[in-house]
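Written below as structure tokens is the structure these notes are about.
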Amino acid sequence: MALSRILPPTNFFIFAILELIAHFAMPISQLISGPARWSGVVLILGGGWFTWAADRLFKQVQTTVKPHKAPSVLVREGPFRVSRNPMYLGMLLALIGEAIVLGSLTPFLAPIAFFLAVDTVYVGVEEKMMLETFGEDYASYKKKVRRWV
């Protein structure tokens, strides 16, 4: 199975588990300690909301969330006004939040790897598909809204 066929939530959960393993198996250095670690919960909840809100919009307009299938609607409202990839951004924020809660150095490698994997495996392919499907409408949207933030 090609990596691009694995759905992004699966990758998110894999990276979230890898963060835990990295923290407990080789924490290296504690960067964040005490109550400051709980600030990561805000990022986890915010990222979860961002992903949920974007997914909900896709379901409302009845378009696919699967990255390897062509969408039927160009969604530009809600979190899509801030980012062209709010679901991925939300997952990334949640991973950063988890790394902050754990507090050690090694968990911060997972959000970096997740970002690189998503940007390489999914986003480029999706943007090409969006341009082919929606043409100038998507090109105009792309000029107004950044890829990530």
- Message: I'd like to check something: does the stretch 62-70 contain any residue that is over 18 Å from the mean Cα position of the chain (by Cα), of a type outside the set (Gly, Ala, Ser) and surrounded by 12 or more Cβ atoms within 10 Å (Cβ to Cβ)?
- Response: yes
- Query: Somewhere in the stretch 75-97, is a residue buried (at least 16 other Cβ atoms within 10 Å of the Cβ), of a type in the set (Val, Ile, Thr) and under 11 Å from the mean Cα position of the chain (by Cα)?
  - Reply: yes
- Test Leu74 against the criterion of being aliphatic (A, V, I, L, M), part of a loop (DSSP other than H, G, I, E, B) and modelled with pLDDT of 95 or more, and give yes or no. yes
- Would you point out the residue of the stretch 46-69, among those that are assigned to a loop (DSSP other than H, G, I, E, B) and free of Cβ contacts under 8 Å to residues at least 40 places away in the same chain, that is nearest to Ser83 (Cα to Cα)? Val65
- Subset of the stretch 15-45 (residues that are out of contact with any strand residue (DSSP E or B) (no Cβ under 7 Å at 6 or more places or on another chain), within 16 Å of Ala110 (Cβ to Cβ) and surrounded by fewer than 15 Cβ atoms within 10 Å (Cβ to Cβ)): Ile17, Leu20, Ile21, Phe24, Ala25, Met26
- Counting only residues that are without any contact (Cβ under 8 Å) to a residue 12 or more places away in the chain and either touching a strand residue (DSSP E or B) at 6+ places or on another chain (Cβ under 9 Å) or charged (D, E, K, R) (or both), how many does the stretch 133-149 have? 3
- In the stretch 31-45, which residue that is assigned to a loop (DSSP other than H, G, I, E, B) and either over 11 Å from Val101 (Cβ atoms) or acidic (Asp, Glu) (or both) is modelled with the highest pLDDT? Leu31
- Message: Quick check on the stretch 111-138: of everything there that is farther than 18 Å from Gly90 by Cα and of a type in the set (A, V, I, L, M), which residue is surrounded by the most Cβ atoms within 10 Å (Cβ to Cβ)?
- Response: Met130
- Query: Does Ala99 qualify as being touching a residue at least 24 places away in the same chain (Cβ under 8 Å) and not in a loop (DSSP other than H, G, I, E, B)?
  - Reply: yes
- Task: Looking at (1) farther than 30 Å from Pro35 by Cβ; (2) loosely packed, with under 15 Cβ neighbours inside 10 Å, find the lone condition where Tyr141 falls short.
- Result: (2)
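The values are calculated or read from the model by the stated rules, or taken from the named source; none is laboratory data. Only a predicted model underlies this, so the values are computations on that prediction, with no experimental measurement involved. Cβ sites come from the backbone with ideal geometry, for glycine too, and all protein chains shown count toward neighbours.
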